[in-house]
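I have placed the structure first, in the form of structure tokens, so that the comments after it can refer back to it.
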Amino acid sequence: MNKNSSNTMALTPNTSNKRETVCIFGTGDFGRALGHKMIQSGYHVVFGSRSAQTSSLIPKDAEVLSHAEAAQKAAIIIIAIQRQHYDFLAPLAEILHGKVLVDISNNLKINQYPESNAEYLAQVVPGAKVVKAFNTISAWALQSGTLDASRQVFVCGNDVEAKQMVMDIIRALGLTPLDQGSLLAAQQIENYPLQLFPMWKFPVFLSLGLTAFFFFYCLILEVIYPYIYENKDFSFFIAISIPNMVCPILALILLGLVYLPGVLAAIIQLYRGTKYRRFPDWLDKWMLCRKQLGLVALAFAAVHVLYTLVIPIRSFVRWRTSSYTVSQALNNKTVSLNTTNAWLSDSYLALGILGFFLFVLLGITSLPSVSNNVNWREFRFVQSKLGYLTLILCTAHTLVYGGKWFLYPSSYKWYLPHAYMLSLIVPCTVLVVKFVLIFPCLDKTLTQIRQGWERNPKPSE
């Protein structure tokens with residue numbers, strides 16, 4: 001009962017029991033928004049400003065004093081001003097001595113200065129206890145209350161007690177503090193808001209490049225080739241048919257690229273006989289963005305499903321079906337059902353449905369809200385065991401659909417293989433290598449290496 005009550009108090013405004021006084025230097029958008037949020041949470045807020053006159057923009061329950069007067073009223077002072085204006089703090093060094101200064105500033109570009117803003121603030125006011133916090137929260141989020149996407153607040157500082165005081169305020173505002181260590185982490189924290197989907201760059205650029213390549217590849221084989229050699233205009237394939245070829249191809253290749261770095265890492269560890277040597281940088285970066293690669297692959301697979309659902313209502317498909325029916329009627333001939341083709345068709349669809357179901361399951365378990373509720377063994381089982389099963393089903397889905405094209409010379413237009421053949425290179429390579437790696441002789445050695453065994457351990461000095 002007490003636990004629930006304390007949690008509720010930490011996440012809701014408490015105006016009946018006033019907390020300690022907090023000083024905010026700066027009356028800009030963020031300073032005002034943070035001050036308003038603190039007043040709602042029960043804090044007494046004092047603004048330090050060059051002009052001690054109260055403005056209509058300042059929260060009505062807050063005081064506005066000069067910097068020196070405001071600093072004397074609080075043990076915690078939030079510096080809501082830009083780095084280039086820190087020099088005015090030097091004359092206040094005696095008043096600020098021993099106080100907690102919370103640096104919330106950000107820069108315009110990554111690594112704009114040699115040291116972080118928080119470290120620079122500690123140099124300007126050497127007697128203060130500097131803590132970095134609140135720089136990942138926007139003024140708009142504080143004002144509107146939409147903090148779901150930015151509830152985490154990174155905190156770092158050299159003084160443990162000062163950090164704890166700031167983290168208590170963060171919790172009282174209904175936010176989640178994350179301790180990042182000493183003030184040396186401040187530059188990384190300041191760079192964080194400037195990064196635009198850093199782990200998504202490689203997957204997005206790779207998928208865009210592959211999409212452009214396969215789109216033009218299919219355009220050459222499906223539109224340009226028939227126009228030149230058969231004088232047929234299939235330009236309308238650009239709208240549905242070609243995208244419905246590119247999407248499953250990209251989904252399968254990207255899914256294969258999710259698991260390819262894992263088998264490459266296993267080969268490297270077997271070759272080296274140890275796990276204590278770092279992988280090459282390119283492999284490290286590749287392994288870090290596997291989740292993003294998988295989600296992009298899932299997006300392509302979902303678009304493929306949507307394109308497939310509209311196939312029966314396409315004008316071209318309805319024309320071809322009616323023409324075939326009329327042709328049978330005119331020739332007074334009925335073609336009997338080919339059970340082999342029926343089996344292939346049903347198998348192709350069944351494999352696709354099962355593969356997409358597991359694909360969606362992998363995507364769901366990668367969400368933080370889901371992955372945080374499973375232990376490491378469960379997460380590994382889904383992402384590894386079910387992941388490889390998904391790759392097998394999706395590869396089999398493609399093989400059943402387009403495997404026959406390997407055997408027909410007519411499939412090689414301008415001596416180029418069909419795009420579906422190219423899509424099988426990466427997943428088939430991954431599955432073959434993985435099949436070899438699960439041989440007992442290799443799997444046992446690899447397991448020992450990952451448990452700490454070394455083939456040629458270095459002698460201890």
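The values are calculated or read from the model by the stated rules, or taken from the named source; none is laboratory data. Just so it is clear, the model here is predicted, and its values are computed rather than measured. Cβ coordinates were reconstructed from backbone atoms using ideal geometry, including for glycine residues, and neighbour counts include every protein chain displayed. What goes into the accessible areas is simple: the full protein's heavy atoms, side chains included, and nothing from ligands, DNA or RNA. Shrake-Rupley method; radii C 1.70, N 1.55, O 1.52, S 1.80 Å.
Distance in nm between label sites at Arg151 and Arg50, each 7 Å beyond Cα in the beta-carbon direction?
3.9
Pull out the extension gain between Glu69 and Leu344, defined as 0.36 nm times the separation in residues minus the alpha carbon to alpha carbon distance; nm, one decimal.
Numbers: separation 275, 0.36 × 275 = 99.00 nm, distance 8.24 nm.
Here the segment from Glu69 to Leu344 would lengthen by 90.8 nm.
At 222 nm, what helix-only mean residue ellipticity would the chain give, in deg cm²/dmol to the nearest 500, using -39500 (n - 2.57) for each DSSP H run of four or more? The partial results should precede the final answer.
On the way: 21 runs with 246 residues, N = 461.
Roughly -16500 deg cm²/dmol at 222 nm, from the helical runs in the chain.
Whenever you get a sec, compute what percent of the accessible area on the chain sits on carbon and sulfur atoms (1.4 Å probe). Walk me through the numbers on the way to the answer.
Working: 16300 of 26590 Å².
Carbon and sulfur atoms account for 61 percent of the accessible area of the chain.
Need the list of lysines near Lys385 for cross-linking: C-alpha distance under 18 angstrom, and skip anything on the same chain fewer than eight residues off.
Within the straight-line cut-off, Lys385 pairs with Lys291, Lys434, Lys444.
Relative contact order for the stretch 19-194 using alpha-carbon pairs under 8 Å, separation at least 6, rounded to a whole percent?
20
Check the straight Cα-Cα distances from Lys60 and name the aspartates and glutamates below 17 Å, setting aside those fewer than 8 residues away within the same chain.
Hits, sequence-local ones excluded: Asp29.
Taking the solvent-accessible surface of protein heavy atoms with a 1.4 Å probe, what is the per residue accessible area of the stretch 293-383 in Å²? Display every interim value, and only then the final one.
On the way: 6550 Å² over 91 residues.
Per residue, the stretch 293-383 has an accessible area of 72 Å².
If you count, for each residue, the other Cβ atoms within 10 Å and average over each peptide, how do 243-255, 212-224 line up from highest to lowest? All intermediate terms of the calculation are to be shown ahead of the outcome.
Values: 243-255: 24.2, 212-224: 17.2.
Result, highest mean Cβ count within 10 Å first: 243-255, 212-224.
Under a point-charge model restricted to the Cβ atoms of Lys and Arg (+1) and Asp and Glu (-1), what is the dipole moment magnitude of the stretch 281-356 relative to its Cα centre, in debye to the nearest 20? Before the final figure, lay out each step's value.
Details: 7 positive and 3 negative charges, 56 e Å.
The calculation lands at about 280 debye.
Which of the listed residues, Ala71, Gln448, Ala122, is farthest toward the dipole's positive end in the chain, when Lys, Arg count +1 and Asp, Glu count -1 at the beta-carbon?
Among Ala71, Gln448, Ala122, the one farthest towards the positive end of the dipole of the chain is Gln448.
Non-local amide H neighbours of Val153 (under 5 Å, H modeled in plane, Pro and chain starts lacking H): which ones?
Thr176, Leu178
Please check which bits of the stretch 260-281 a label hung off Leu389 would reach, taking the label as a point 7 Å along Cα-to-C-beta and the cut-off as backbone N under 11 Å.
Within reach of a label on Leu389, which here means backbone N under 11 Å from a point 7 Å along Cα→Cβ, the stretch 260-281 contributes nothing.
Just need the relative contact order of the chain here, percent rounded to a whole number, with Cα pairs under 8 Å and 6+ apart.
On the way: 595 pairs, mean separation 51.5, N = 461.
Value for the chain: 11 percent.
Kindly report, to the nearest 10 Å², the accessible surface of Thr340 as traced by a 1.4 Å probe over protein heavy atoms only.
Solvent-accessible area, nearest 10 Å²: 90 Å².
For the stretch 164-271, which trypsin sites (Lys or Arg not before Pro) pass both filters: DSSP loop (anything but H, G, I, E, B) and at most 16 other C-beta atoms within 10 Å?
Qualifying residues, ordered by number: Lys232.
Compute the accessible area per residue over the stretch 84-145, keeping the other protein chains in place, probe 1.4 Å, unit Å².
Details: 2910 Å² over 62 residues.
That works out to 47 Å² for each residue.
Multiplying the sequence separation of Phe357 and Gln143 by 0.36 nm and subtracting their Cα-Cα distance, what value in nm do you get? Could the numbers behind the result be given before it?
Values: separation 214, 0.36 × 214 = 77.04 nm, distance 4.09 nm.
Gain on stretching Phe357 to Gln143: 73.0 nm.
Treating the beta-carbon of each Lys and Arg as +1 and of each Asp and Glu as -1, no other charges, what is the dipole magnitude of the chain about its Cα centre, to the nearest 20 debye?
Values: 39 positive and 26 negative charges, 256 e Å.
Roughly 1220 debye, rounded to the nearest 20.
For the modelled label position 7 Å from the Cα of Lys201 along Cα-to-Cβ, which residues of the stretch 105-145 have backbone nitrogen atoms closer than 19 Å?
It comes to 107-113, nothing else.
Among the lysines, which have Cα under 30 Å from the Cα of Lys232 when same-chain residues fewer than 8 positions away are ignored?
Output for Lys232: Lys333, Lys404, Lys413.
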